[in-house]
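Report on the following structure.
The values are calculated or read from the model by the stated rules, or taken from the named source; none is laboratory data. Note that this is a predicted model, so its numbers are computed, not measured. Virtual Cβ from ideal backbone geometry, glycine too; neighbours counted across all protein chains shown.
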Amino acid sequence: MLKKIKEFIIERLIFLSGIASIVFVLLIFIFLLKEGISIFKTVGLFDFLSGRFWYPISDPPKLGILPLIMGSLLVTLGAVVIAVPLGIASAFYIAEVASPRVRDALKSCVEVLSAIPSVVLGFIGMVTLVPFVKALFKIPTGLTAFSGSIMLAFMALPTIISISEDAINAVPRQYKEGAIALGATHWQTLYRVIIHGAMPGVIAASMLGIGRVIGETMAVMMITGNAAVIPTTFLQPVRTLTATIAAEMGETVRGSEHYYALFAIGIVLFVISFLINVTADLFLHKDKR
Amino acid sequence: MSAIEIRGLNLYYGKFQALINVNMAVEAKRITALIGSSGCGKSTLLRCINRMNDLIEDVRTEGSVKVDGAEIYKVRPDFVKLRKKVGMVFQRPNPFPLSVYENVAFGPRIHHMARGSELDGIVEASLKDVLLWDDLKDKLKRSALGLSLEQRQRLCIARLIAVRSEVLLMDEPCSALDPMATLKIEELMQRLKKDYTIIIVTHNMQQAARVSEDTGFMLLGELVEFGRTEEIFTKPRDKRTEDYITGRFG
């Protein structure tokens with residue numbers, strides 16, 4: 001009898017722990033929606049998304065987040081252009097080319113890279129990369145989208161490398177043997193066969209890397225210059241969605257239009273990350289089938 | 001001259017000796033079977049002939065293997081040429097995750113043998129040789145992973161025909177197939193015999209008796225007996241062969 005009660009209690013506890021995470025996610029989501037949707041009573045959804053000016057404390061406030069969306073996209077695009085090819089190439093090197101000793105060393109390095117807090121990366125970028133970019137391009141400030149992209153690429157790299165590497169290792173050995181037994185060189189085996197087998201996983205890895213970049217806040221806030229204007233080149237300051245929330249939430253009056261607008265930005269970010277994660281998931285599952 | 005001549009071959013995986021002083025001469029355009037219980041080294045011996053054992057770490061070989069009179073162990077061979085000439089069919093059919101067409105075209109492409117309509121011709125001829133053309137001619141663009149196991153194994157053989165391999169090493173090519181598919185692959189081997197030297201490793205003594213002209217019996221790394229198949233199966237010279245053939249062990 002006692003045993004039965006014990007079983008019952010333990011089962012309930014495990015159930016509660018499991019359900020708790022779902023409940024918390026739902027609560028956060030509801031809160032975000034409730035606070036964010038209020039803004040659309042005063043500003044239309046279309047005006048909010050496509051407004052060219054973000055002057056939240058002017059009178060009346062102008063709450064258009066197009067410059068912020070463009071800022072986020074530009075920084076992300078730059079980071080992707082740098083991190084995806086580099087990440088995939090190093091994943092192939094680690095999985096297929098490197099000797100076991102080099103492989104172990106590289107894998108630990110990648111793990112260390114992912115362990116560096118983003119604020120530290122931002123700080124390092126601020127004192128090294130930013131002056132360098134300024135001097136290199138002879139521009140008035142080094143706080144640019146370009147600098148942000150480089151630092152964010154570093155953050156996306158560990159994700160891209162480790163997940164791509166898993167995907168490459170998961171390619172059945174028989175494919176490789178088959179190609180080599182046909183007289184293919186190592187390189188031919190790699191780019192004609194293994195890459196096809198690993199493709200879904202590599203795409204998923206890239207998407208998750210992009211997801212990480214778009215949600216990143218601290219480093220971009222420190223090195224992109226935070227000017228809320230629609231960017232025309234990589235070499236000008238931009239402000240991202242994330243940095244806007246982080247920088248302004250502390251100064252805004254609770255319940256003001258500005259406050260609700262920041263939550264609405266949160267919803268936009270949520271939707272973007274959600275879409276990216278779903279895409280990544282689709283590719284990962286395609287891999288398994 | 002024998003197509004493949006093996007003299008005094010020893011092979012070690014680390015400290016373990018997997019092949020012990022193997023001597024064997026395989027004649028061209030015949031089917032040679034290697035039989036023996038699992039772990040006896042028959043696959044290892046097969047993989048010596050196209051040097052696939054080199055993919056395994058910590059492998060050491062001594063002795064001589066000649067393919068078409070050319071030494072492949074004492075001097076470093078051209079691996080690309082060797083493996084083009086000596087093709088391999090694996091236990092699990094392993095078509096690439098590409099289309100049917102690209103699977104067959106893979107070899108000719110990497111060896112820069114043909115392109116365009118000439119390549120189409122090679123693909124068609126190779127698929128006809130393995131009797132897949134009629135079934136697959138409208139499905140060349142489909143993924144090869146959607147084929148049945150038997151079709152996949154045929155496709156793997158077509159891949160070798162496309163690069164004009166001369167020797168086909170078959171490592172238990174039917175062990176993943178059902179009896180009907182096995183029979184069809186065996187028929188295919190008989191068809192291919194006139195143009196190719198085939199060496200088949202098999203678990204299945206009946207299969208060896210059915211398809212091969214010559215048979216080698218291996219036990220614990222040694223090639224115990226090698227000779228005409230009917231002699232091995234009817235009047236073996238070695239007591240151990242007789243015990244294995246009659247099912248006393250194995």
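Residue under question is B:R47, and the condition is that it be within 14 Å of chain A (Cβ to nearest Cβ), charged (D, E, K, R) and in contact with an Asp or Glu (Cβ under 9 Å, 6 or more places away or on another chain); does it hold?
yes
Filter the stretch A:180-200 down to residues that are surrounded by fewer than 18 Cβ atoms within 10 Å (Cβ to Cβ) and closer than 19 Å to B:P77 by Cα, then give me how many there are. Counting residues in the stretch A:180-200 that are surrounded by fewer than 18 Cβ atoms within 10 Å (Cβ to Cβ) and closer than 19 Å to B:P77 by Cα gives 3.
Filtering the stretch A:231-289 to residues that are touching a helix residue (DSSP H, G or I) at 6+ places or on another chain (Cβ under 6 Å), within 17 Å of A:W54 (Cα to Cα) and not in a helix (DSSP H, G or I) leaves A:P231, A:V238, A:R239, A:T240, A:T252. Being within 30 Å of A:G225 (Cα to Cα), assigned to a helix (DSSP H, G or I) and not assigned by TED's automatic domain parsing to the domain that holds A:L235 holds for only one residue in A:E7, A:E35, and it is A:E35.
What is the residue count in the stretch B:213-229 for residues that are outside any strand (DSSP E or B) and within 13 Å of B:Y244 (Cβ to Cβ)? Counting residues in the stretch B:213-229 that are outside any strand (DSSP E or B) and within 13 Å of B:Y244 (Cβ to Cβ) gives 1.
Here A:I88 meets the list (1) touching a residue at least 24 places away in the same chain (Cβ under 8 Å); (2) more than 23 Å from A:Q236 (Cα to Cα); (3) among the β-branched types (V, I, T); (4) surrounded by fewer than 20 Cβ atoms within 10 Å (Cβ to Cβ) almost entirely, failing just condition (4). Please list, ordered by first then second residue, the pairs with beta carbon atoms under 7 Å, 6 or more apart or interchain, first in the stretch A:162-189 and more than 8 Å from chain B (Cβ to nearest Cβ), second surrounded by fewer than 22 Cβ atoms within 10 Å (Cβ to Cβ) and among the polar types (S, T, N, Q). Close Cβ pairs satisfying both conditions: A:K176/A:T189.
For every residue, the table says whether it meets (1) charged (D, E, K, R); (2) touching a Ser or Thr at 6+ places or on another chain (Cβ under 9 Å); (3) at pLDDT below 90; (4) not assigned by TED's automatic domain parsing to the domain that holds A:A145.
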{"residue": "A:D166", "(1), (2), (3), (4)": "yes, no, no, no"}
{"residue": "A:T242", "(1), (2), (3), (4)": "no, yes, no, no"}
{"residue": "A:A246", "(1), (2), (3), (4)": "no, yes, no, no"}
{"residue": "A:E251", "(1), (2), (3), (4)": "yes, no, yes, no"}
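The sole residue among B:S126, B:S148 that is more than 26 Å from B:E222 (Cβ to Cβ) and within 14 Å of chain A (Cβ to nearest Cβ) is B:S126. Number of residues in the stretch B:107-121 that are aliphatic (A, V, I, L, M) and either away from chain A (no Cβ under 14 Å) or closer than 13 Å to B:L140 by Cα (or both): the value is 2. Name the residues in the stretch A:127-170 that are over 20 Å from A:P67 (Cβ atoms), in contact with a Gly (Cβ under 7 Å, 6 or more places away or on another chain), surrounded by 24 or more Cβ atoms within 10 Å (Cβ to Cβ) and not aliphatic (A, V, I, L, M), would you? Within the stretch A:127-170, A:S164 is the sole residue that qualifies. Evaluation of B:L192 against the conditions (1) at pLDDT 90 or above; (2) surrounded by fewer than 22 Cβ atoms within 10 Å (Cβ to Cβ) shows that the sole unmet condition is (1). Scanning the stretch A:194-227 for residues that are of a type in the set (S, T, N, Q) and not in a helix (DSSP H, G or I) yields A:T217, A:T224, A:N226.
For every residue, the table says whether it meets (1) under 19 Å from the mean Cα position of the chain (by Cα); (2) modelled with pLDDT of 90 or more; (3) within 11 Å of chain A (Cβ to nearest Cβ); (4) outside any helix (DSSP H, G or I).
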residue: B:V75; (1), (2), (3), (4): no, no, no, yes
residue: B:M88; (1), (2), (3), (4): yes, yes, yes, yes
residue: B:P95; (1), (2), (3), (4): yes, yes, yes, yes
residue: B:A105; (1), (2), (3), (4): no, yes, yes, no
residue: B:D135; (1), (2), (3), (4): no, no, no, no
residue: B:S165; (1), (2), (3), (4): yes, no, yes, yes
residue: B:L169; (1), (2), (3), (4): yes, yes, yes, yes
residue: B:L177; (1), (2), (3), (4): yes, no, no, yes
